[in-house]
Every structure is written in structure tokens, then in C-alpha cells.
Amino acid sequence: MEPHFILTLFQHGYKVRTSTLYHLLKGKRTSSVLVYGFLYENLRFFQLCPELSEQEFNRQIHTLNEAQLLVTDLTGEVQITTQGKRLLSESDQSIHWLDNYRFGKTDEEIWRFLQFLVQVTSHLSYGDKEYIPLEQSPFYQVYLKRRIASVSKKQLIQTMKAEWHFLLSRLSKSEADYFAQQFSGYQQTGKIAVQILQKESTPFEQLLIKKDRLHHLLYEIENMPKETFLKKSIQPFITKNDNQSMNQTKSYLHQETSIETIAQQRGMKKSTIQDHLLELALTEEIPFEHYISKETYRFLDQLSSPCPQWIYRSLKQENEQLDYFEYRLYQIEKLKKERADKLP
């Protein structure tokens, strides 16, 4: 992990405790960690560094403190300095598309499948059966056979040409070239990402660029019409990134069912269902008003400071009836609206 990347995690400008940030990078999937990531716009880095040790993470923080790019106050909270912000603004390294929370668990699986699909289609188009498949694993081979069996050979070839032409046109030239160079097919052997990115100075920088470009590609595939071949092909992989138990809770929402009833029907604790709803609220639309009382709205609506700076225990002293679950949901709803208003 690079010092510049650590600074990126603090560019929101707020004072924060670093322990939760560490758990986010490691991939600890609790509602408190995920909500933290959402509040400070770092959710996309979830589980980006699963092998990171806490000792190494704290060493990096200390180094940035020593360089006066971060500052730690007497309570242990950390904030980026003016000098740190200036360094970030002068840097040419930008990661726009990386979303490890949405794609990180299966992004490499998807890319391997897509490369395999391109290779097979290419050889099919030339009637060539004498080649070594990129993937020997039954996992990929069985799924690929099932997908290509759903269309005729002619339709597959035409569809793949059209969809890949559309997709690559949605990317920058450097991104399109990056993916095209990795494809293997008839009389063509693709390069590996490391060969293409060898000018990048560190493995971690290569990791960020690989993920940023791949997640941009996956984003574009996800936003294709639902009947497109590539979108249908990667959907099972995408779904594997989700909390499956949360998805089961999601199926109850259209019934306008209470949290207590869902918990009873699923044989779970109320707090577990609340955690599911908090995680769902981060990325999907839920009926917030169904779970937040009018009293909570009235109390929190009067606060003027940015909601990521709110401290629950302090607000609880002012309002003993303030429920933690409702408080977090309110923050999520408020930030979603604010961020939507900032979109071009």
C-alpha cells in the first residue's frame, strides 16, 4: 500500500478514527464498518487490502504524520492537512471507477470468463477447433458451454462483435487498448496485465489501475440493456458479491412488513434485520420513511453541521429517545440526497 493512497482515504477532510478504516480495507463486513465507508466516501475500497497488517497500516499513518500530511489530535482522531490536500491535488494519479464493494469479490473471475469467451468466439468464427483453451477448469468451461448454447453460432459471433465494439467505444483509448491487448483468439496471443503495466512503479499502483479499469468495464456492462449477452453472462458473478442473507431480507421489503415480522419469519434477531436494511440502504433505494419515525426526522432535521460529523452519544444525551438504527438510516438518506444534488 502506498502513502498517496492512504491520503486519498482522508480527502473527505473530516477527523476520523483510523481503526474502522483499517477494518474497511481488510474487509470486515459489519454494518458499522460499511456505514463508515459510506459516510466518508470510502466504501469502494472495501476489502482492497485483505492481507494488510494493523502494524503496517499504523506505520503508514505515522509516516504521514511525520511528513505533516496527516495530523493526529489528542483523542487519536486523524485528519488530512492543508499540505496533504495540496499533494493530492497536484498528483496525476486518479482512481475514478474502482468499486471493490460492488465488484471486488469476483472481478478477476469475471475478467477470466470474458477473456475465455472472446477466445472461444474468435476460434469459432474461423472454424478452428485446434487450440488450447485459456481455461481448463470445469467451473469456467461448463458455464461457458451453457452460455454459448443459448444462441446460434452466427448470432454469438455477431453479438460479440457488436457488444464489444460498443463497450470499447465507451472507454478511453488507453482503457480500450489495455483490454484489447489481453485478448487471445485466432492467431493471436494476449498479453498479461503486468506486461502492459510494467512502466508503473509498484505492484500496488498496478493493482489500483487494473481494478479501476476493470471496474469501469463492469460498470459499462451492467448499464447495457438487460437482454444483452454480456450483461446476462456476468450477472451470476456480480450477485456473488452481495450479502446473500441480506438479499433474502430484501425480498420482504415490497410487502411493507415490519422489522419485527421479518425477524420472526426469518428466525433472526431484530438487530440482524436492521443490519441488513442498513447495508441495503447504502446502494439501493429503500422506503426510509417506513423505518424512520417522524420524531427522529424532526430532531435530526434541525441539525446544521455536516452529518458525518455527528456523534450519536452526544445527540442521545439531548434526545434519550433517539434510536441508533433510525439515526444511521437518516444519515444515509440525507447524504444520498446531497450527493445526488451534486451530480452534473
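Since every read-out is calculated from the coordinates, none of them should be taken as a lab result. These figures come from a predicted structure and were not determined experimentally. Cβ atoms come from the backbone with ideal geometry, glycine included; neighbour counts cover every protein chain shown.
Mind putting a number on the dipole of region 9-79 about its Cα centre? Charges go on the C-beta only, +1 for Lys and Arg and -1 for Asp and Glu, and I need it in Debye to the nearest 20.
260
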* Segment Glu77-Glu109, extension gain: residue separation times 0.36 nm, minus the distance between their alpha carbons -> 7.7 nm
* To do: On a 0 to 90° scale, report how tilted helix 270-283 is relative to the longest principal axis of the chain, with both axes built from alpha carbons and the result rounded to the nearest 10.
  => 60
* **Extended-chain gain in nm, criterion 0.36 nm per residue less alpha-carbon gap, Lys342 and Asn65** => 96.6 nm
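At most 11 other Cβ atoms within 10 Å and a DSSP loop assignment: could you name the GluC sites (Glu not before Pro) in region 78-156 that fit?
On the way: sites: Glu90, Glu108, Glu109, Glu130, Glu135; in loops: Glu130, Glu135.
Those that pass, being in a loop and sparsely packed, are Glu130.
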* Net charge dipole size for region 225-344 [Lys, Arg +1 and Asp, Glu -1 on Cβ; Debye, nearest 20] -> 440
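Nothing charged except the Cβ atoms of Lys and Arg (+1) and of Asp and Glu (-1): what's the magnitude of the dipole of the chain about its Cα centre? Round to the nearest 20 debye.
Working: 44 positive and 43 negative charges, 193 e Å.
Roughly 920 debye, rounded to the nearest 20.
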* Rg/Rh (Cα only; Kirkwood hydrodynamic radius) as it applies to region 107-239 -> 0.95
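Quick one: order Glu56, Glu51 by neighbouring beta-carbon count within 10 Å, fewest to most.
So the residues, fewest neighbours to most, are Glu51, Glu56.
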* **Per-residue ³J(HN,Hα) for region 178-191, Karplus 6.51 cos²θ - 1.76 cosθ + 1.60, θ = phi - 60°, Hz, x for Gly and Pro** => 4, 6, 4, 5, 8, 7, 10, x, 4, 6, 8, 10, x, 7
* Structure fact -> When the charge dipole of region 145-200 is computed with +1 at the Cβ of Lys and Arg and -1 at the Cβ of Asp and Glu, the Cα pointing farthest to the positive end, of Gln188, His165, Val151, is that of Val151
* To do: Using a/c under 1.5 as the rounded threshold, could you call region 240-344 rounded, prolate or oblate? The axes a ≥ b ≥ c are square roots of the C-alpha gyration tensor eigenvalues, and prolate needs a/b larger than b/c, oblate otherwise.
  => oblate
* To do: Identify which of Lys173, Lys250, Lys210 has the largest mean-square fluctuation in a Gaussian network model of the chain, with springs joining Cα atoms closer than 10 Å.
  => Lys173
* Structure fact -> Expressed as a whole-number percentage, the relative contact order of region 107-239 with C-alpha contacts under 8 angstrom and at least six residues apart is 31
* To do: May I ask which residue of Ser89, Tyr101, Leu114 lies farthest towards the positive end of the charge dipole of region 43-125, with charges of +1 (Lys, Arg) and -1 (Asp, Glu) on Cβ and the Cα centre as origin?
  => Leu114
* To do: Apply the Karplus parameterisation 6.51 cos²θ - 1.76 cosθ + 1.60, with θ equal to phi minus 60°, to every residue of region 319-331 and state each ³J(HN,Hα) to the nearest whole Hz, in sequence, with x for glycine and proline.
  => 9, 5, 8, 5, 8, 4, 4, 5, 4, 5, 4, 4, 4
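Treat the count of other C-beta atoms within 10 Å as a stand-in for reagent exposure and order Arg266, Arg86 from fewest to most. Present the calculation step by step, with values, prior to reporting the outcome.
Details: Arg266 15, Arg86 11.
Result, fewest neighbours first: Arg86, Arg266.
Over all directions, how big on average is the projection of the convex hull of the alpha-carbon atoms in the chain, in square nanometres? Show your work: numbers first, answer last.
Working: hull surface 85.1 nm².
Over every viewing direction, the Cα hull of the chain projects on average to 21.3 nm².
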* Structure fact -> GNM on the chain, Cα springs under 10 Å; top mean-square fluctuation among Leu34, Leu124, Leu48 goes to Leu124
* When Leu25, Leu52, Leu282 are ordered from fewest to most other Cβ atoms inside 10 Å of their Cβ, what list results? -> Leu52, Leu282, Leu25
* Search the structure for amide H atoms under 5 Å from the amide H of Gly185, placed 1.01 Å from N in the peptide plane, and list their residues when 5 or more places away or on another chain. => Gly190
* Note, ³J(HN,Hα) from phi for region 227-241, Karplus 6.51, -1.76, 1.60, rounded to Hz, x at Gly and Pro -> 8, 5, 4, 5, 4, 4, 5, 8, 4, x, 5, 4, 4, 5, 6
* Highest-MSF residue in the chain out of Ser305, Ser174, Ser32 [GNM, Cα springs under 10 Å] -> Ser305
* To do: Calculate, in nm to one decimal, what Ser314 and Glu285 gain on full extension: separation in residues at 0.36 nm each, minus their alpha carbon distance.
  => 7.6 nm
* Structure fact -> Over the Cα atoms of region 3-93 the radius of gyration and the largest Cα-Cα distance (Dmax), both in Å, equal 12.5, 35
